[in-house]
Ligand code: PMV
């Protein structure tokens, strides 16, 4: 019996991944930062079983101590995709005990942190017990990608790129950390306004597939490529106003792609627009570096630096908190990435 436990945080994309080819190859590069508090904690126990070496692994999945057989198909599909890399998984019984620090449907990607945590557990057991070699972060990232595209970015801390960009950096197969980041971006907050916690009307999987015959797809993929290179230059120079301009354009473009898909769909809610107006008004009157981004959902991510923290807490939150379900705001910030728990 072998066991390990990893904690992996979720991430928030500034340049968005939306549209993919077979085997989870992104149509354009993306760039995110990894969070701290919003994470998945996963314990993996591998048990010898009576099935043969050629069989798929069998699973027992517990979420917060409760058995969740409904999680099995997605995890099994993920394991099947990485069996070539980790052939020792064949014929084993895997007990997965997992939990998140954030609520389901909160606008924080639980698939990103969940798949990153599981991929780190598997790479750790591989390195420690099955081959006796150092932990390979890029392999953990590559596996996580096969579970959920954006999960590959959660294997690293700080700002992280996934997808090959025209400056010759990055890979479509795994994520890589962005090396040069100006001190202006070393502490960066993400306050998530929970405006709607309901189930999304269209899943990310369907959204990605609707980019296949999308009239604006080729332009969007070109823009995503350009914005990845532009964002790295911004991160290097520390230019906050250009950061916000690019981030908000990416968020609104993502939702514009949804609205112009066939069939079209809208994931923003009236409260999302109301909160955006409040943020824009606040920025105009205070001139503080505060902006927003959106994932594939209605909840708004308020992004700002340490310079704006006091003003956000004291002046902006009272103006937007009433829009949130049960006044819920999840307060997070950039973090160092996954780690092995004791
Ligand atoms: O990793 P997926 O398939 O859940 O897609 C994530 C897509 C966005 O969150 C909208 C953007 C991104 O790059 O994270």
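Inspection of segment 240-261 finds a residue satisfying the criterion of being buried (at least 18 other Cβ atoms within 10 Å of the Cβ) and farther than 30 Å from residue 328 by Cα.
Quick one: in segment 1-48, which of the residues that are outside any strand (DSSP E or B), within 27 Å of residue 96 (Cβ to Cβ) and touching a residue at least 60 places away in the same chain (Cβ under 8 Å) is farthest from the ligand (Cβ to nearest atom)? Checking each candidate, the answer is 23.
When residues in segment 244-279 are screened for being without any contact (Cβ under 8 Å) to a residue 60 or more places away in the chain and away from the ligand (no atom under 16 Å from the Cβ), 12 of them pass.
Would you mind stating whether residue 163 is in contact with a strand residue (DSSP E or B) (Cβ under 9 Å, 6 or more places away or on another chain), under 25 Å from residue 305 (Cβ atoms) and either buried (at least 24 other Cβ atoms within 10 Å of the Cβ) or at pLDDT 95 or above (or both)? So residue 163 does not fit the description; no. Taking segment 200-229 as the range and being in contact (Cβ under 8 Å) with a residue 60 or more places away in the chain, part of a loop (DSSP other than H, G, I, E, B) and more than 18 Å from the chain's Cα centre (by Cα) as the test, the residues that pass are 201, 211, 212, 214. Residues that are away from the ligand (no atom under 13 Å from the Cβ), within 26 Å of residue 16 (Cα to Cα), crowded, with 21+ Cβ neighbours inside 10 Å and touching a residue at least 24 places away in the same chain (Cβ under 8 Å): does segment 132-140 have at least one? Yes, segment 132-140 has at least one match. Against the test of being in a helix (DSSP H, G or I) and more than 16 Å from the ligand (Cβ to nearest atom), the options 59, 94, 79 yield a single qualifying residue, 79. For segment 142-160, taking the residues that are within 11 Å of the ligand (Cβ to nearest atom) and either under 16 Å from residue 222 (Cα atoms) or not in a helix (DSSP H, G or I) (or both), the one that is farthest from the chain's Cα centre (by Cα) is identified as 160. Of the residues screened, residue 168 is one that is more than 16 Å from the ligand (Cβ to nearest atom) and either crowded, with 21+ Cβ neighbours inside 10 Å or in a loop (DSSP other than H, G, I, E, B) (or both). Summed over segment 70-118, residues that are without any contact (Cβ under 8 Å) to a residue 40 or more places away in the chain, closer than 30 Å to residue 301 by Cβ and touching a strand residue (DSSP E or B) at 6+ places or on another chain (Cβ under 9 Å) total 3.
Only one entry in 197, 201 is over 30 Å from residue 312 (Cα atoms) and out of contact with any strand residue (DSSP E or B) (no Cβ under 7 Å at 6 or more places or on another chain), namely 201. Considering each residue of segment 311-324 in turn, none proves to be in contact with a helix residue (DSSP H, G or I) (Cβ under 6 Å, 6 or more places away or on another chain), assigned to a strand (DSSP E or B) and surrounded by 20 or more Cβ atoms within 10 Å (Cβ to Cβ).
Per-residue answers, yes or no, for (1) farther than 22 Å from residue 18 by Cα; (2) surrounded by fewer than 16 Cβ atoms within 10 Å (Cβ to Cβ); (3) within 16 Å of the ligand (Cβ to nearest atom):
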position: 176; (1), (2), (3): no, no, yes
position: 181; (1), (2), (3): yes, no, no
position: 186; (1), (2), (3): yes, yes, no
position: 195; (1), (2), (3): yes, no, no
position: 210; (1), (2), (3): no, no, yes
position: 222; (1), (2), (3): no, yes, no
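Only one entry of 60, 97 meets the criterion of being over 30 Å from residue 167 (Cβ atoms) and surrounded by fewer than 16 Cβ atoms within 10 Å (Cβ to Cβ), and that entry is 60.
Residues that are outside any strand (DSSP E or B), within 13 Å of the ligand (Cβ to nearest atom) and over 27 Å from residue 330 (Cα atoms): does segment 97-117 have at least one? No, there is no match, as no residue in segment 97-117 is outside any strand (DSSP E or B), within 13 Å of the ligand (Cβ to nearest atom) and over 27 Å from residue 330 (Cα atoms). Scoring residue 282 on the criteria (1) without any contact (Cβ under 8 Å) to a residue 40 or more places away in the chain; (2) within 16 Å of the ligand (Cβ to nearest atom) leaves a single failure, condition (2). Test residue 119 against the stated conditions and say whether it is surrounded by 17 or more Cβ atoms within 10 Å (Cβ to Cβ) and either at pLDDT 95 or above or within 15 Å of residue 42 (Cβ to Cβ) (or both). When the stated conditions are applied, residue 119 passes them.
The values are calculated or read from the model by the stated rules, or taken from the named source; none is laboratory data. Since the structure is predicted, the reported quantities are computational estimates derived from the model, not experimental observations. As a convention, Cβ positions derive from the backbone with ideal geometry for all residues, glycine included, and neighbour counts pool all protein chains shown.
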